[in-house]
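Readers should treat all values here as calculations from the given coordinates under stated rules, not as data from a laboratory. Keep in mind that what you see is a predicted model, and the values were worked out from it rather than measured. So basically every Cβ, Gly included, is an ideal-geometry build from the backbone, and we count neighbours across all protein chains shown.
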Amino acid sequence: MNKSLTLRAAALLGLAGLSACAGINPKMPMYSQSVLPAAVQVPAGNRVAIETAATGSITYECRAKADMAGQFEWVFVGPEAKLMDRSGKAVGRYYGPPATWESLDGSRLTATQVAVAPGSPGAIPLQLVKGNPAVGTGVMQGVTYIQRVDTRGGVAPLAACAQANLGARQVVAYSADYIFYKAS
């Protein structure tokens with residue numbers, strides 16, 4: 001089984017049917033960290049609180065490379081995605097910058113990147129971020145870490161980025177699972 005399928009299977013087996021709006025389910029088993037690279041594993045003392053699947057897009061813009069005259073690159077501008085629980089029910093959204101996770105109950109938080117690890121070929125990296133204090137009362141309160149796992153798509157466009165299309169934007173589809181943790 002390839003790594004992406006292993007991650008997906010672990011996520012689906014571990015937390016099928018979780019409703020993010022319902023809050024914490026104490027009977028839910030811990031999301032398996034053993035299938036993830038060490039860099040993006042959540043520190044001990046945290047437990048899964050919410051699991052979401054995201055589908056959306058990432059926008060890139062063709063810009064001149066800093067301090068490299070005549071060279072250009074696609075630069076990350078920001079994401080926009082719908083967050084759904086395992087049953088497919090919309091529970092929030094993810095957008096930025098800054099990277100923001102917002103629940104339908106109005107609570108939201110930003111986070112600071114801790115680490116990344118390679119995803120599947122053609123996919124954005126796996127990621128671990130440390131949650132900043134949430135704004136608003138709701139499910140995002142107390143989130144300590146967020147993992148981005150089982151990523152698909154979202155990498156910079158293959159289209160040429162040059163002087164001729166400087167400032168052009170490309171929107172790339174992606175999907176990922178966002179696993180939210182709270183202190184045990």
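Numbers below:
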{"quantity": "Gain upon complete extension [THR55, SER184; 0.36 nm per residue less C-alpha separation]", "calculated": "43.6 nm"}
{"quantity": "Burial ranking of peptide ranges 69-78, 136-145, 116-125 (average Cβ count within 10 Å, highest at the top)", "calculated": "136-145, 116-125, 69-78"}
{"quantity": "Residues whose placed amide H lies under 5 Å from that of VAL91, excluding near-sequence neighbours", "calculated": "LEU83, MET84, ASP85"}
{"quantity": "Stretch gain in nm, segment ALA156-ALA38, where the contour uses 0.36 nm per residue and the Cα spacing is subtracted", "calculated": "40.0 nm"}
{"quantity": "Label-point separation in nm, ALA115 to VAL75, each point 7 Å along Cα→Cβ", "calculated": "2.9"}
